[in-house]
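Student: What follows is a single structure, and I will ask about it in a moment.
None of the figures in this text is laboratory data; all of them are computed from the coordinates on show. It should be emphasised that the depicted structure is a prediction, and the values quoted were computed from it without experimental measurement. With ideal geometry, Cβ positions are generated from the backbone for all residues, glycine too; neighbour counts draw on all protein chains shown.
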Amino acid sequence: MSLSILVFYGSYRETRAGIRLADYAVAQLGARGHAVELIDARAVGLPMLDKRYMDYAPGEAPANMETLARKLKAADAFVFITGEYNWGMQPGLKNLIDHFGNAELARRPAGIVSYSAGRMAGARSSSAWHPTLTSLGINIVHSTVAVGGITASLDESGTPIGDGGAALARAFPAFMDELEWWGRAVKAAKGEG
Ligand SMILES: Cc1cc2nc3c(=O)[nH]c(=O)nc-3n(C[C@H](O)[C@H](O)[C@H](O)COP(=O)(O)O)c2cc1C
């Protein structure tokens, strides 16, 4: 069963490296026949939070927010590519997510794929996202992936390289298996399976 999957990524830095991992995730899930779209917070370009989507009257939210709200509601599963800044989450992605609520995000599974330059592999940002996503009614799948030494593990085209890349390529199929299982379960529960 093909799923509609959104892959979120939230670095605004000019020299950002996590986009390699986001591109890798999109390619891997796409190769399994899913309809996958990268939600790049920088490209979406929501402002620093003022009004949430729910604060607008129907049809009056800015076009980029409205378009994203529709995509969120239609998705079967989410993947969060979470980089780590100062032991926490990246503000660009948190800002994007804070624009929405349970009405757009709840009752879908999410997989967390963390990364960082160092050996902690973004594990602390992964942990930080758990309560935030749970508060939005998202169910986080048990399987996680963590990539340390991000630029030594993926080249600029998102191809795994070196020992870190080999470890990623070994871990990612089981992560996708888990996400797919929950995505299919949700789709069936909605009567769409
Ligand atoms: C503001 C800032 C804070 C950072 N803090 C951490 C950190 O706490 N732990 C860590 O492992 N790496 C940290 N790093 C290194 C990042 O893991 C690395 O720069 C990574 O590539 C950032 O993701 P991005 O390139 O997609 O923006 C930090 C980098 C920046 C720019």
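Student: Might you report the magnitude of the Cβ-based charge dipole of the chain about its Cα centre, with Lys and Arg at +1 and Asp and Glu at -1, to the nearest 20 debye?
Tutor: 280 debye
Student: Of all DSSP beta bridges in the chain, what percent run antiparallel (nearest 5)?
Tutor: Just about 10 percent of them are antiparallel.
Student: Find the centroid of the Cα atoms in region 1-54 and in region 163-187, then give the distance between the two in whole Å.
Tutor: Between the Cα centre of region 1-54 and that of region 163-187, the gap is 17 Å.
Student: Run the numbers on the chain and let me know its relative contact order in percent, using alpha-carbon pairs under 8 Å that are six or more apart.
Tutor: Worked out over the chain, it gives 23 percent.
Student: Please figure out what share of the DSSP beta bridges in region 1-95 is antiparallel and state it in percent, rounded to the nearest 5.
Tutor: Here the share of antiparallel DSSP bridges comes out near 10 percent.
Student: Where does the chain land at 222 nm, in deg cm²/dmol rounded to the nearest 500, when only DSSP H runs of n ≥ 4 count, each adding -39500 (n - 2.57), divided by all residues?
Tutor: -13500 deg cm²/dmol
Student: When N is the residue count of region 18-148, what does its C-alpha Rg come to as a fraction of 2.2 N^0.38 Å?
Tutor: Here the answer is 1.04, to two decimals.
Student: May I pose another question? Between region 104-145 and region 85-100, what's the alpha-carbon centroid distance in Å?
Tutor: Cα centroid to Cα centroid, the span is 12 Å.
Student: Check which residues have an amide H placed less than 5 Å from Leu154's amide H, if you skip close sequence neighbours.
Tutor: The answer is Ile161.
Student: Turning to a different aspect of this structure: Helix 19-31 versus the longest principal axis of the chain: what is the Cα-based angle in degrees, 0 to 90, to the nearest 10?
Tutor: The helix 19-31 is inclined about 80 degrees to the chain.
Student: For region 114-130, take each phi angle, set θ = phi - 60°, evaluate the Karplus expression 6.51 cos²θ - 1.76 cosθ + 1.60, and give the result in whole Hz per residue in order, putting x for glycine and proline.
Tutor: Coupling constants for region 114-130: 9, 7, 6, 6, x, 7, 6, 6, x, 4, 6, 6, 4, 4, 5, 6, 4 Hz.
Student: Would you mind checking which residues have amide H under 5 Å from Val147's amide H? H placed 1.01 Å from N; only 5 or more apart, or other chain.
Tutor: Ser114, Tyr115, Ser116
Student: Can you work out ³J(HN,Hα) from phi for every residue in region 76-88, in order, using Karplus 6.51 cos²θ - 1.76 cosθ + 1.60 and θ = phi - 60°, giving whole Hz and x for Gly and Pro?
Tutor: Once rounded to whole Hz, the list reads 8, 7, 10, 10, 10, 8, 10, x, 10, 10, 6, 6, x.
Student: Which whole-Hz ³J(HN,Hα) couplings does region 157-173 yield from phi under the Karplus relation 6.51 cos²θ - 1.76 cosθ + 1.60, θ = phi - 60°, glycine and proline marked x?
Tutor: 8, x, 8, x, 9, x, 5, x, x, 5, 5, 4, 4, 6, 7, 5, x
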